[in-house]
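The values are calculated or read from the model by the stated rules, or taken from the named source; none is laboratory data. Remember, it's a predicted structure, so these values are computed and weren't measured experimentally. Here the Cβ is made from the backbone with ideal geometry for all residues, glycine too, and neighbour counts use every protein chain on show.
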Amino acid sequence: MRHSAHVVLSRPQRAGLIVALLLIGVWAVLRPMAVLQTVVALVTIAYTAAIVFRVVLVWAAGRGEHRVTVSDEEARAIGDAELPVYTVLVPAYREPDVIGLLMAHLGALEYPPDKLEVILLLEEDDQATIDAAESVVTGGHIRILVVPESQPKTKPKACNVGLAVATGEFVTIYDAEDVPDPLQLRRAVVALRRLGPTYVCLQAELGYFNVDQNRITQWFALEYATWFRSLLPGLVALRMPIPLGGTSNHFRTAELRELGAWDPYNVTEDADLGIRLARSGHRVGVLASVTLEEANSDFINWIKQRSRWYKGYLMTWLVHLRAPRATIRQLGWRGLLCLNLFVGGTPLAALLNAVLWATTILWFLDRPPIMEEIFIPPYYYLGLLCLIFGNATVIYLNVLSARTMNRPDLLGTALLSPAYWAMMSLAGAKAAWQLVFKPSYWEKTTHGLHLPRKEAPAHAE
């Protein structure tokens, strides 16, 4: 695969990085203050651009309805005979305790069993989940496919194994803990037929069924509401690439295969696939249909999950910058903005937040003279604008999400968002470390933490 993260940095990228570091090192020895001033200026400009970009996305999303809507009546109006075969891939690893719930949730889908193909993708070394699945799987439309032991051991590799044997005209992915809208498959069929062949994928909205478990799940729910109700529709409105979510994305199977499916070495294969779809000229829409997931409620588990996401975003950003001229030609300037300010900017902002906050605190506590030299006036005032306007904007977006969710009780959680950003900074630092030393390592998330303690899974990731 041309855009694979099997090797994160290509040889030209590694050579360019080494040369740049050597030049910066020499410059730092000769003119250290000039280097510091330049770094501060570049970081401040990039940070400002990322904030403005998100404001523009929210503004664009608010100008109109940019989600594809299919009513219940439209979804049910299509006869069973007119429905295509639909493949549902469900990758699961070390999750025996949620398999029973999974079967109940998939059983609630309003789709004829003779047109539904459900493939459970279970790993060869996970006998506990295989046994649990074999004890509850009923119906000829559900099959267990054991993924042979091989490297890398990742979700996208398992999905590729499932896609190779899929027979559906359309295919989607659900995680083991997902609770999809019962009409989601029908809505996707109607929507994709309505939109025509230029649309190859629809991303359904993701939400959480355990919002009120603790403060972390409440922050997570607000973040997802902002992501799926403001940011992704804004990208659609501006005709930019859509970094997909890891579940509930509905594809035309033939086009997905032609594209090369998922990169098994990228730990956010969904975001990477969204960029590759855009590079190939395909369009992605956002479907007005909700799949409920389990919000991560444990701090350590949350850091594991979020650091993997950030690592994958950094991977995707670096991979698609290997050949800048080709990227610009295929994505255009809008796509390039999205790739840099959204895909690359999201984890980099999380990583830099801690440094910027520490710098701000140091300034207010001691006002060291060197700080005045580093932050020359234009960039000092721009940074001050980011500190005040940027933080206020992100808090406002969380308040707006509480309103769109019709959850006024989450207002206090929205105002406490800076504590959540501190968690993001920790995850960003871990992502950067793993990108260097463990790039393709899949740090799996433990599910079932919302269950009573005696039912909670004993398997860690």
With respect to Thr316, determine if the residue is hydroxyl-bearing (Ser, Thr, Tyr), surrounded by 14 or more Cβ atoms within 10 Å (Cβ to Cβ) and within 22 Å of Ile51 (Cβ to Cβ).
yes
Pairs where the first residue, in region 157-183, is among the basic types (Lys, Arg) and the second is part of a loop (DSSP other than H, G, I, E, B) and surrounded by 20 or more Cβ atoms within 10 Å (Cβ to Cβ), C-beta under 7 Å, 6+ apart
Lys157/Pro264
Collect the residues in region 254-290 that are assigned to a loop (DSSP other than H, G, I, E, B) and surrounded by fewer than 18 Cβ atoms within 10 Å (Cβ to Cβ), keeping them in residue-number order.
Gly260, Ser280, Gly281
Checked Ala61, Ala49, Ala75 against criteria (surrounded by 17 or more Cβ atoms within 10 Å (Cβ to Cβ), in contact with a Leu (Cβ under 7 Å, 6 or more places away or on another chain) and of a type in the set (Gly, Ala, Ser)); the one match is Ala75
Consider only pairs whose beta carbons are under 8 Å apart and that are at least six residues apart or on different chains; among these, list those whose first residue lies in region 100-115 and is farther than 19 Å from Thr129 by Cα and whose second residue is surrounded by 18 or more Cβ atoms within 10 Å (Cβ to Cβ) and hydroxyl-bearing (Ser, Thr, Tyr).
Tyr111/Tyr86; Lys115/Tyr86
Working carefully through the options Thr129, Thr172, Thr154, Thr167, find the one that is modelled with pLDDT of 95 or more, surrounded by 21 or more Cβ atoms within 10 Å (Cβ to Cβ) and either at positive phi or among the hydroxyl-bearing types (Ser, Thr, Tyr) (or both).
Thr172
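What about Arg193, is it over 15 Å from the mean Cα position of the chain (by Cα) and either among the charged types (D, E, K, R) or part of a helix (DSSP H, G or I) (or both)?
yes
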Considering (1) in a helix (DSSP H, G or I); (2) closer than 22 Å to Lys157 by Cβ; (3) hydroxyl-bearing (Ser, Thr, Tyr), say which one Thr247 fails and leave the rest.
(1)
Within region 413-435, is there a residue that is among the β-branched types (Val, Ile, Thr), surrounded by fewer than 18 Cβ atoms within 10 Å (Cβ to Cβ), modelled with pLDDT of 90 or more and part of a helix (DSSP H, G or I)?
no
With the first residue restricted to region 434-458 and required to be closer than 18 Å to Asn214 by Cα, and the second required to be at pLDDT 75 or above and among the aromatic types (Phe, Trp, Tyr), Cβ contacts under 8 Å at 6 or more apart or on different chains are His450/Phe209
